[in-house]
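A.B. asks: One structure follows; several queries about it will come next.
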Amino acid sequence: VRLLEGGQRIVYDPAVRVRHFEFASEVSSGWALELQARNRALFVERHQTFLQQQAPASAAALLRARQRVQPGRQRILVIDDRVPLPWLGRGYPRACELLVTLAAEGHAVTFYPLLFAHETWANIERVVPETVEIALDRGVSGLFDFLQQRRGCFDTLVVSRPHNMREFRQAVARDPGLLDGVRLVYDAEAVFALRDAELAQLQGKPWPDARRQQAVATEMHLAQGARAICAVSREEAQVFRQHGHAQVSILGHPLHTVRDTP
């Protein structure tokens, strides 16, 4: 408590092991428990102001209390295909940069890999900041239970890619209250319907205009209710605006310039 009151940061490292021989110094039966009770009263007396500012004991309060967020920062849940290892390509470098940036700005970030629920910690630790929580081994089947367990824990929820938003919508449909008080952000990553239509064109099997328009409209509908939408280009942002979405921002792929390149 003195560390927290002094503005210091407490770090938990799961790789460190410390063996504690409990009650090893007890000189007579029951003495240690008696000492604990006495010191608990002393602790309350010394830190009344701090304790009055804490939430009542509960499972939900425990989840929030384990990550102390500074004023102006948020608890953010990000849902995407898999842990964004940049060497995989396919939008994952951009997704990784998003996690790195959010963590660097002091937000408490939890990442939920939806389609590929497993990953080695060796790979994770190479690219993901250590302050980011990774919710491994749950996947699509565990999403609803996870959202229920974490009800009220997050300020903002970011869902990336349309197929993940579709799974998310199905989970939330079972209990719409899961989104109470949460700011939903849809990170489109790409307009997949346009991509599929262009692929069909290249393969010599162009879609009729009606099919293309319906596919785009269906994908745009996934963003209904989102407080904000991220697109990767001006052209795709305009597609969202044409379908009635006003809060659209462009969040493209980061390009690090090298100024002395010939």
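The values are calculated or read from the model by the stated rules, or taken from the named source; none is laboratory data. Just so it is clear, the structure is predicted and the values come from calculations on it, not from any experiment. Here Cβ is always computed from backbone atoms with ideal geometry, including for glycine, and neighbour counts include all displayed protein chains. When the accessible area is computed, the model is the full protein with side chains, heavy atoms only, and any ligands, DNA or RNA have been set aside. Shrake-Rupley method; radii C 1.70, N 1.55, O 1.52, S 1.80 Å.
A.B. asks: Run the paramagnetic zone check for ARG166: 7 angstrom along Cα to Cβ, then residues of region 185-203 with backbone nitrogen under 16 Å.
C.D. replies: Only 188-197 pass the distance filter.
A.B. asks: A follow-up question, please. Under a 1.4 Å probe, what is the accessible area of region 145-225 per residue, stated in Å²?
C.D. replies: Spelled out: the 1.4 Å probe surface of region 145-225, per residue, equals 53 Å².
A.B. asks: List every residue whose amide H lies under 5 Å from the amide H of PHE111, counting only residues 5 or more places away in sequence or on a different chain, with H placed 1.01 Å from N in the peptide plane.
C.D. replies: Amide H neighbours of PHE111, under 5 Å, 5+ apart: VAL78, GLU133, ILE134, ALA135.
A.B. asks: Here is a further query. Take each of the peptides 100-106, 151-157, 236-242, 195-201, average the number of other beta-carbon atoms within 10 Å over its residues, and list them starting from the highest.
C.D. replies: Ranked by mean Cβ neighbours within 10 Å, highest first: 151-157, 236-242, 100-106, 195-201.
A.B. asks: Summing +1 for each Lys or Arg and -1 for each Asp or Glu, what net charge is found among the other residues whose Cβ lies under 15 Å from the Cβ of ALA59?
C.D. replies: +3
A.B. asks: For the pair VAL27 and GLU119, what calculated FRET efficiency results from E = 1/(1 + (r/R0)^6), where r is the Cβ-Cβ distance and R0 = 45 Å, to the nearest 0.05?
C.D. replies: For GLU119 and VAL27, the calculated efficiency is 0.35.
A.B. asks: For the peptides 218-229, 37-48, what is the packing order when you average, over each peptide's residues, the other Cβ atoms within 10 Å and list the highest mean first?
C.D. replies: Packing proxy ranking, top to bottom: 218-229, 37-48.
A.B. asks: Moving on to the next point. Measuring from the lowest to the highest alpha carbon on each principal axis, how far does region 9-164 reach, largest first, in angstroms?
C.D. replies: 64, 33, 30
A.B. asks: Mind giving me the FRET efficiency for GLN224 and PHE192? R0 is 22 Å, r the Cβ-Cβ distance, nearest 0.05 is fine.
C.D. replies: FRET efficiency, GLN224 to PHE192: 0.85.
A.B. asks: For region 34-110, just run the numbers: alpha carbon Rg, then divide by 2.2 N^0.38 Å, N being how many residues it has.
C.D. replies: Computed over Cα atoms of region 34-110, the ratio equals 1.69.
A.B. asks: Further, regarding this structure: What nm distance separates the two modelled labels at GLN54 and GLN247, each placed 7 Å from Cα along Cα→Cβ?
C.D. replies: 3.5 nm
A.B. asks: Can you quote the Å³ per residue value for the convex hull of the Cα atoms in the chain, rounded to an integer?
C.D. replies: It is 214 Å³ per residue.
A.B. asks: Counting heavy atoms of the protein chains only and a 1.4 Å probe, report the per residue accessible area for region 1-50 as a whole number of Å².
C.D. replies: Averaged over the residues of region 1-50, the accessible area is 98 Å².
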